[in-house]
Amino acid sequence: AFASRSFSREPATPIHLAVDLPENVELTPNVVDGLGISADGNTIAFGAVVDGKPQVLIRKLDSDSLISVKGSAASQGSTEISPDGQWLAFNADRKLWKVRVSGGTPTALAEAGWGHVTWAGNNELVFTKNYDTGLSRVSAEGGNPVLLTKPDRKKGELGHWWPQLLP
């Protein structure tokens, strides 16, 4: 059983992706975790500056066009696609937002001046509310965030940033 299970799969085909940005688009400066990739690898989302204005862009692998996310002006921080590939979370205007990857009007989920975020399944998000705070959790439907961690000032911790949940 071990041998048949180990060798029966076809090797995965590597995918190469190049995103050529139009002349009026540049990547958001100083954002180290701004790229969101869907679990199936077919969609990416990232912060960019378009004609001098920050916003979030989506690119599907089966298309050469970039789609601007409505309501993402003044975006900052990370962009994250939900595990089911249906939703995009991002930070803009000091709030955490979600919007359907297919388009639509964004929904504000919580106050968030910093904006690093990750999905905890399809129903919750973990995010950094501010530079000097710990991590918080909020429902994907919005509501009151719950503080998960608190920086230990005695140990010199400034804040907790860039959440990444492991299986």
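Is it the case, given these coordinates, that PRO83 is farther than 19 Å from ASP20 by Cβ and in a loop (DSSP other than H, G, I, E, B)?
The answer is yes for PRO83.
Restricting to the stretch 86-102, give me the number of residues that are surrounded by fewer than 21 Cβ atoms within 10 Å (Cβ to Cβ) and modelled with pLDDT under 90.
2
Quick one: in the stretch 143-163, of everything that is touching a strand residue (DSSP E or B) at 6+ places or on another chain (Cβ under 6 Å) and in contact (Cβ under 8 Å) with a residue 24 or more places away in the chain, which residue is farthest from GLY115 (Cα to Cα)?
PRO145
Can you tell me which of GLY71, GLY115 is open to solvent by less than 10 Å² (accessible area, probe 1.4 Å) and in a loop (DSSP other than H, G, I, E, B)? Write out each step before concluding.
Details: GLY71 fails: open to solvent by less than 10 Å² (accessible area, probe 1.4 Å).
The unique qualifying residue is GLY115.
Just one of ILE44, ILE58 is open to solvent by less than 30 Å² (accessible area, probe 1.4 Å), without any contact (Cβ under 8 Å) to a residue 40 or more places away in the chain and closer than 26 Å to PRO167 by Cα; which is it?
From the options ILE44, ILE58, the qualifying one is ILE44.
The values are calculated or read from the model by the stated rules, or taken from the named source; none is laboratory data. In this text the structure is predicted, and so the values were computed from the model without any measurement. A quick note on method: Cβ atoms are made from the backbone with ideal geometry, for glycine too, and the neighbour counts reach across all protein chains shown. The protein model used for the area step is the full one, side chains on, heavy atoms only, and it has no ligands, DNA or RNA in it. Shrake-Rupley method; radii C 1.70, N 1.55, O 1.52, S 1.80 Å.
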